[in-house]
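S.K.: Here you go, one structure.
The values are calculated or read from the model by the stated rules, or taken from the named source; none is laboratory data. The structure presented is a predicted model; accordingly, all values stated were derived computationally and were not measured. Because the Cβ atoms are built from the backbone with ideal geometry, glycine has one as well, and the counts that use them run over all protein chains shown.
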Amino acid sequence: MKIGLVGLGRMGINMSRRLLDAKHEVVGFDVDAGVLQTLVQYGGKGANSLGELVGQLTPPKTVWLMVPAGRVDRLLQELVPLLAPGDTVIDGGNSFYRDDQRRSRELAQKKIEYLDVGTSGGIFGLERGYCLMIGGTRQAYARLEPVFSALAPGLAAAGRTPARTEQQPTSAEKGYLLCGPSGAGHFVKMVHNGIEYGLMAAYAEGFNILRHANVGSHPVADDAETTPLRNPEAYRYSLPCSEIAELWRRGSVISSWLLDLLADALSQDAELQSFQGRVSDSGEGRWTLEAAIESGTPAPTLATALFARFDSRGESAFARRLLSALRSEFGGHAEKPGTSE
């Protein structure tokens with residue numbers, strides 16, 4: 001099958017390679033001419049414009065977008081006039097699912113199919129495959145299932161759930177799923193990323209406690225502004241976090257791919273000195289909480305994880321200064337100088 005791929009960044013170029021390895025044809029477009037040359041070296045074809053890309057495809061044409069959510073609508077304004085009834089647009093980025101619903105309605109008026117495909121796998125997708133969460137019509141999904149199958153990890157990526165072993169494998173067991181109508185794919189990916197925030201935060205907080213298990217080995221100020229450490233002898237462990245990460249990878253109930261990545265990072269730099277700890281969020285965590293609020297679904301862990309990211313970027317600096325000011329106002333409490341690790 002021939003497919004156009006717009007956006008050949010870290011994920012897009014690896015997706016194109018995986019498709020090419022499965023004997024699909026890929027025509028790519030990116031503003032970076034260098035990455036187009038890379039695609040050609042892998043066996044794909046490069047295009048210098050959207051028009052050139054669409055012109056190299058055969059009907060019914062399929063164009064897969066791998067661009068930031070904020071660029072999708074502008075890109076569609078240029079792309080859609082180049083397409084014809086029966087063609088399909090796939091948004092494989094992290095768009096807001098309500099935008100998918102709108103775009104699907106707009107393209108349906110032109111008889112163009114629209115699929116939203118939440119794509120998880122990151123920079124390791126070339127080797128591991130991509131988990132694909134798909135929203136749209138069954139007709140469009142069925143036509144493009146060979147593409148999804150090529151990108152997905154496949155049945156062997158995980159052991160089968162015992163209760164399923166007597167049944168025929170489903171597409172979900174192979175790593176791709178038509179989750180529902182338009183927007184469903186990105187809705188599922190949105191919650192997936194919200195969960196990811198929570199998991200990452202749990203690892204971060206847990207390892208931070210391990211790292212501070214030696215607090216009893218250091219002198220603590222004896223003044224009215226410092227909570228005394230009542231049992232310093234209970235906190236005199238200098239724990240090897242890198243080794244503990246390796247330990248937990250083996251047989252532990254909290255082992256995971258994220259822990260594998262964490263262990264790799266700690267093995268390279270046990271103090272993580274190359275990072276400042278400023279953690280970005282690309283929107284999915286916020287949208288997950290919005291859905292939780294509107295549906296009345298409690299999600300305190302995901303909310304805390306998102307707010308921790310805000311805090312990491314200094315968004316609570318004024319609130320902290322305000323707290324210090326209030327303590328000074330009502331009790332004359334002097335602010336102690338800060339410390340850095």
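S.K.: For segment 229-285, which residues satisfy the criterion of being farther than 30 Å from Leu306 by Cβ and among the hydrophobic types (A, V, I, L, M, F, W, C)?
M.R.: Selection gives Leu229, Ala234.
S.K.: Name the pairs whose Cβ atoms lie under 8 Å apart, with the first residue in segment 64-81 and modelled with pLDDT of 95 or more, the second in a helix (DSSP H, G or I) and among the acidic types (Asp, Glu), and 6 or more positions between them or separate chains?
M.R.: As it stands, the answer is Val72/Asp99; Asp73/Asp99, since those pairs meet every condition given.
S.K.: Restricting to segment 66-94, count the residues that are farther than 14 Å from Val26 by Cβ, touching a Gly at 6+ places or on another chain (Cβ under 8 Å) and of a type in the set (A, V, I, L, M).
M.R.: The qualifying residues number 4.
S.K.: Further question: Give me the pairs, please: first residue somewhere in segment 133-160 and charged (D, E, K, R), second residue anywhere and modelled with pLDDT of 95 or more and not in a helix (DSSP H, G or I), beta-carbon distance under 7 Å, and either six or more positions apart or on two chains.
M.R.: As it stands, the answer is Arg138/Leu178, since those pairs meet every condition given.
S.K.: Follow-up. Exactly one condition in (1) over 30 Å from Leu261 (Cα atoms); (2) in a helix (DSSP H, G or I); (3) touching a residue at least 40 places away in the same chain (Cβ under 8 Å) is not met by Lys336; state its number.
M.R.: Condition (2) is where Lys336 drops out.
S.K.: Residue by residue through segment 177-192, note down the ones that are part of a strand (DSSP E or B) and within 12 Å of Leu132 (Cβ to Cβ).
M.R.: Leu177, Leu178, Cys179
S.K.: Which of the residues belonging to segment 274-298 are closer than 14 Å to Gly198 by Cα and touching a Ser or Thr at 6+ places or on another chain (Cβ under 7 Å)?
M.R.: Selection gives Val279 alone.
S.K.: Another question, if that's okay. Given the condition at pLDDT 95 or above and aromatic (Phe, Trp, Tyr), answer yes or no: does some residue in segment 319-341 qualify?
M.R.: No, every residue in segment 319-341 fails to be at pLDDT 95 or above and aromatic (Phe, Trp, Tyr).
S.K.: Could you tell me whether Arg321 is on the phi < 0 side of the Ramachandran plot, exposed (fewer than 13 other Cβ atoms within 10 Å of the Cβ) and touching a helix residue (DSSP H, G or I) at 6+ places or on another chain (Cβ under 6 Å)?
M.R.: Judged against the criteria, Arg321 is not a match.
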